[in-house]
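Contents: one structure, followed by commentary.
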Amino acid sequence: MLRVQVSLALLAAILLAACGGASSSSTDAPEADAGEASLWRYVNSGWVYPDAADDLQVFSEELKVFVITSQEELDAFQQGFTTKRTLGTTTTLARIDFPNSILLAAYYLWRPFQGDPLSVEGFSVEGNRAVVLLELDDSPQGKEYPYLLAPMVMVAVDRAQFTAGEALDFVFHLNGEPHTTVAATVE
C-alpha cells in the first residue's frame, strides 16, 4: 500500500513538472498568469541540428526564433535541419490549422543534448506587440548524450488575437530579458 502511495505521489510530481511551474521574470517582462496559458498551446519540442550549423562555432550561445504563418513556412523550417529528434511524434504538426493559427518556434545553439531545457512560459498580446516568454533551464534533468544538438520548442497561437493585415512585433524574452524581435504581418 505504501508503495502505491509513493508511486502516485511521484507520478503527480512528474506531471506537475511536465506541465511547467512558476517562472521568475524581470520587471521588463510581463507576468504570466493563469489566464495566459489559454493564449497558446504546446505543439512540439525536442532537439535539432540546423543545416547551417557547420558554419557556427560550437561554443557560441545564440537563440534563433521563428514566426511561422503558413504551411510553406513550416515545411521550410522543418527542412532546415540535418537531424531532428522530437518528444512525441510530429503528427501534431499535421494538425495545425494555418488559416486560424500561427506557430512560434525557437531553438538555442548550443546546449548539451540533455533534458528538455527550452520552454515557453507565457504569451501575451498588447496591441501590435506580442510577447513570448522563453525559459532556458541551466540545469536540465536527464541523461546527457554525446551529440551536439540545439533544444527546440514550438507552440501555436490563435490568429484571431491579431488584426489581419497589420504588422506585428513578436518580442521573444529569454529568462525574463528581451532578446529578439521578429516583425511579421498576419494575413
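Miscellaneous remarks
- Within the range 137-187, the residues that satisfy the criterion of being more than 25 Å from PRO50 (Cα to Cα) and among the hydroxyl-bearing types (Ser, Thr, Tyr) are THR163, THR185.
- Among the conditions (1) over 15 Å from the mean Cα position of the chain (by Cα); (2) modelled with pLDDT of 90 or more; (3) farther than 20 Å from LEU39 by Cβ, the only one that ALA184 does not satisfy is (3).
- From PHE81, PHE170, PHE98, residue being at pLDDT 90 or above, of a type in the set (Phe, Trp, Tyr) and surrounded by 14 or more Cβ atoms within 10 Å (Cβ to Cβ): PHE170
The values are calculated or read from the model by the stated rules, or taken from the named source; none is laboratory data. Quantities reported herein were computed from a predicted structural model and do not represent experimental measurements. Neighbour counts are summed over all protein chains in view; Cβ atoms, including those assigned to glycine, are modelled from backbone coordinates with ideal geometry.
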